[in-house]
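S.K.: Attaching a single structure in structure tokens format; questions to follow.
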Amino acid sequence: MSNESVLLVYPPSQWGYIDRFCQPLGALTLGSILKEAGIKVNVIDLSGEGWSPQQLFNHMNEENYTHVGATILTPFRDIGYGILKAAKKINPNVVTLAGGPHVSFFKEKVLTEYPELDVAVSGEADLDIVDIIQNPTKKFYDLGCVEDIDSLPIPDRSHVRQIEYNELAGIYMDDSASMKWIRGCPWRKCRFCSRNELTLKHRRRSPEKIIEEIAIIQHELKYKNILVVDDSLALNTKFAKTILKLKIKEGLDIPFWALARVDQIDEEAFQLMKRANCSGLQVGIESVVPRVIDLYKKAPGDPKEWLPKVDRALELADKYDIIMIGSFIVGGPTETAKEIQTTIDYLRTSKVDIVQPFAFQYVIGSEFWHEAIDSGQLKPDDIYAYNDKKYGTSPYTAKEIFDKVLEAEDLVNSPVLNPGRYVRLVKKFIKQKKWRVIWKNILQLPKIIQGLLLEHPYDIVIEDELND
């Protein structure tokens with residue numbers, strides 16, 4: 001056993017806020033690698049734990065770590081760096097490390113912005129983390145990607161086993177282990193997404209390794225559900241279908257959810273998902289207007305084919321009792337109120353079971369963000385800026401756009417304003433025989449109803465444009 005004692009922290013979006021959607025798989029994988037190297041390591045997911053700053057401070061003070069590392073996410077970077085600053089306050093000799101998307105974008109610049117930071121790592125650190133801890137040779141590491149991701153150990157979930165990850169778009173999923181079948185988005189062309197610039201190339205794990213991990217999750221760790229959190233998983237591929245067939249063959253009946261592309265699912269995939277005990281999918285619909293889909297570069301081919309593909313996927317999901325969560329964007333560049341209304345009207349009457357509307361943001365590293373910077377509409381320090389007419393990028397204010405998001409969420413998801421959607425959702429849970437999940441979701445209804453703003457109008461419109 002080495003003399004190092006390492007703490008890896010996944011920061012929250014805000015202190016005390018609990019988000020139990022996904023396990024921090026990157027940090028947990030690094031935890032496995034360090035443990036195998038004989039290095040004492042602890043991983044804390046502050047989003048899942050809901051700790052206060054004082055609780056973390058007390059913990060670091062008691063444990064006397066030699067190294068403290070934090071994942072730095074751009075919207076919450078001050079929290080991440082604040083953790084490292086606190087570690088230095090406790091022990092000036094502690095080695096502080098930072099990785100994550102923010103470091104990968106800003107590179108060594110982060111070292112000048114945050115004097116408490118000793119080592120910054122851009123890229124995937126899996127193959128280098130032991131040397132970085134034991135024999136650091138520089139302050140900034142610009143790493144590439146791990147080509148053979150099958151060579152990596154599975155994440156050490158013992159660090160977070162006490163946390164029940166169970167929430168997805170307002171739905172209770174049951175006690176879930178997060179998984180990745182791939183690394184890197186296979187599409188990487190959506191103009192609103194930063195993965196075009198920050199995500200390394202697309203790589204796949206072998207189906208056999210994935211099945212091995214599923215067996216451990218079900219039989220050894222005793223989780224009740226799996227959430228596959230890959231970027232844009234294509235379920236109509238031989239790769240995905242092989243995994244589903246092996247899961248069925250091996251009798252691994254643990255339920256699972258997945259994040260997938262809505263335009264790359266065929267009927268055979270739905271048949272296999274049903275047999276493999278898939279509960280539901282989260283898919284990015286974004287819009288049903290061809291001009292907007294073309295603007296976003298959301299899909300290959302003719303943008304007029306997007307809506308028929310969405311319709312087909314929703315019909316098949318309904319046929320095979322797979323729950324569908326659809327996300328969409330409100331207020332994109334040049335998107336009109338009529339185009340927003342078209343998407344809202346579609347979602348209100350479609351077979352999407354739950355919708356997730358998001359206000360458009362100029363996300364750092366995205367093509368839209370770079371264009372806005374180059375044109376002078378945004379400043380370089382406008383990172384994660386909501387679209388707003390003050391930037392000259394929209395005729396609407398960010399508040400107007402955000403109000404539309406809230407209205408859309410209420411109108412489509414409300415069990416009061418849209419009861420048929422909840423009836424269909426419950427029917428799917430019943431057909432899946434998810435009795436515990438049904439009961440847990442029923443218990444959520446009073447909370448959902450209490451939060452509804454029933455005075456919202458039924459039409460998501462901006463009056464000035466319609467009057468024109």
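S.K.: Given (1) within 30 Å of Ile442 (Cα to Cα); (2) out of contact with any Asp or Glu (no Cβ under 9 Å at 6 or more places or on another chain); (3) surrounded by fewer than 21 Cβ atoms within 10 Å (Cβ to Cβ), identify the lone condition not met by Lys222.
M.R.: Lys222 satisfies every listed condition except (2).
S.K.: Sticking with this structure for a sec: Exactly one of these conditions fails for Val283: (1) of a type in the set (A, V, I, L, M, F, W, C); (2) assigned to a helix (DSSP H, G or I); (3) crowded, with 22+ Cβ neighbours inside 10 Å. Give me its number.
M.R.: Among (1) of a type in the set (A, V, I, L, M, F, W, C); (2) assigned to a helix (DSSP H, G or I); (3) crowded, with 22+ Cβ neighbours inside 10 Å, Val283 violates only (2).
S.K.: Moving on to the next point. Enumerate the pairs (first residue in the range 235-248 and assigned by TED's automatic domain parsing to the domain that holds Asp266; second residue anywhere and crowded, with 17+ Cβ neighbours inside 10 Å and not in a helix (DSSP H, G or I)) with beta-carbon separation below 6 Å, excluding pairs fewer than 6 apart on the same chain, so at least 6 apart or on different chains.
M.R.: Leu235/Ala260; Leu235/Ile265; Asn236/Gln264; Asn236/Ile265; Phe239/Arg204; Leu244/Ala276; Lys247/Ala276; Ile248/Ala276
S.K.: If the requirement is being surrounded by fewer than 19 Cβ atoms within 10 Å (Cβ to Cβ) and under 23 Å from Ala258 (Cβ atoms), which of these qualifies: Asp311, Asp353?
M.R.: Working: Asp353 fails: surrounded by fewer than 19 Cβ atoms within 10 Å (Cβ to Cβ).
Selected residue: Asp311, the only one of Asp311, Asp353 that is surrounded by fewer than 19 Cβ atoms within 10 Å (Cβ to Cβ) and under 23 Å from Ala258 (Cβ atoms).
S.K.: Follow-up question, since we're still on this one. Exactly one condition in (1) crowded, with 17+ Cβ neighbours inside 10 Å; (2) within 19 Å of Val41 (Cβ to Cβ); (3) without any contact (Cβ under 8 Å) to a residue 24 or more places away in the chain is false for Val119; which is it?
M.R.: Failing condition for Val119: (3).
S.K.: Right, another one. Return the pairs, sorted by first residue and then second, in which the second residue is of a type in the set (Ser, Thr, Tyr) and surrounded by fewer than 24 Cβ atoms within 10 Å (Cβ to Cβ), the first residue lies in the range 322-341 and is more than 30 Å from Glu267 (Cα to Cα) and in contact (Cβ under 8 Å) with a residue 24 or more places away in the chain, the beta carbons are less than 7 Å apart, and the residues are 6+ apart or on different chains.
M.R.: From the range 322-341, the pairs are Gly331/Ser394; Gly331/Tyr396; Pro333/Thr393; Pro333/Ser394.
S.K.: Can you name the residue in the range 6-38 that is farther than 17 Å from Gly99 by Cα and either in the same structural domain as Leu259 (by TED's automatic domain parsing) or in contact with a helix residue (DSSP H, G or I) (Cβ under 6 Å, 6 or more places away or on another chain) (or both) and is also modelled with the highest pLDDT among such residues?
M.R.: Only one residue fits best here, namely Ala37.
S.K.: Ok, one more. Among Glu220, Glu267, which is the only one that is over 20 Å from Leu152 (Cβ atoms) and in the same structural domain as Phe360 (by TED's automatic domain parsing)?
M.R.: Values: Glu220 fails: over 20 Å from Leu152 (Cβ atoms).
The unique qualifying residue is Glu267.
S.K.: Separate question: Please tell me if Ala177 is surrounded by 19 or more Cβ atoms within 10 Å (Cβ to Cβ), touching a Leu at 6+ places or on another chain (Cβ under 9 Å), of a type in the set (A, V, I, L, M) and not in a strand (DSSP E or B). Step through it out loud before you land on a result.
M.R.: Details: surrounded by 19 or more Cβ atoms within 10 Å (Cβ to Cβ): yes; touching a Leu at 6+ places or on another chain (Cβ under 9 Å): yes; of a type in the set (A, V, I, L, M): yes; not in a strand (DSSP E or B): no.
No: the conditions fail for Ala177.
The values are calculated or read from the model by the stated rules, or taken from the named source; none is laboratory data. Everything quoted here is computed from the prediction, not taken from an experiment. Neighbour counts run over all protein chains shown; Cβ positions are idealised from the backbone, glycine included.
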